[in-house]
Structure formats: structure tokens, C-alpha cells
Amino acid sequence: MGADDPRDCIPAVVDAIAILQPKFAVIENVPELLTCPFRPGEPPGSYYRHLLRTLDGIGYDAEWICVPSAYF
């Protein structure tokens, strides 16, 4: 459901990042974050693209990497 999901906590996470301005932040790739539409009917992955644009808009160079959990 993307942004229409009442459980969506990404906006609160982005707000916290904007307020606290840490040197870096890590957001977990929860299931389907990379492929979720921003809203039902929109293109797959549009929610993730929106997240990257939002982070860029508050001054962060957002990058995506995969870190296997075995490293932790």
C-alpha cells in the first residue's frame, strides 16, 4: 500500500533524520521497500525513488548497498 499504509513509518524516520541531522543514517530494507509503489496503481519502486528524492532534498547523498546479515 506504500504511503497509504497506516503502518508506514518511513515519514517519521525521515523527519527524525531531518531534525537530528546525523552524519549518516541506515534504513533497513524491509520486505518490498525497493519494489513498493508509492501508492496503489503507481509504478513499482516509486516509493523507494520518493524516499531517495526526499533524503536528497534534506541534504543527504542517499546510496543503496546490500550488507548481508552474516556480517553482524
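Some observations on this one:
- Residue list for the stretch 53-62, filter: open to solvent by 80 Å² or more (accessible area, probe 1.4 Å) and touching a helix residue (DSSP H, G or I) at 6+ places or on another chain (Cβ under 9 Å): Asp61
- Qualifying residue in the stretch 43-54 (condition: of a type in the set (Lys, Arg), at negative phi and assigned to a loop (DSSP other than H, G, I, E, B)): no
- Every listed requirement among (1) open to solvent by 100 Å² or more (accessible area, probe 1.4 Å); (2) more than 12 Å from Gly2 (Cα to Cα); (3) part of a loop (DSSP other than H, G, I, E, B) is met by Glu32 save one, (2).
- Of all residues making up the stretch 10-28, the number that are within 21 Å of Glu63 (Cβ to Cβ) and open to solvent by less than 80 Å² (accessible area, probe 1.4 Å): 10
- Checked across the stretch 45-52, the condition of being more than 21 Å from Met1 (Cα to Cα) and open to solvent by 70 Å² or more (accessible area, probe 1.4 Å) holds for no residue.
The values are calculated or read from the model by the stated rules, or taken from the named source; none is laboratory data. Keep in mind it's a predicted model, so treat the numbers as computed, not measured. Here the Cβ is made from the backbone with ideal geometry for all residues, glycine too, and neighbour counts use every protein chain on show. The area values use the complete protein model at the heavy-atom level, side chains included, leaving out ligands, DNA and RNA. Shrake-Rupley method; radii C 1.70, N 1.55, O 1.52, S 1.80 Å.
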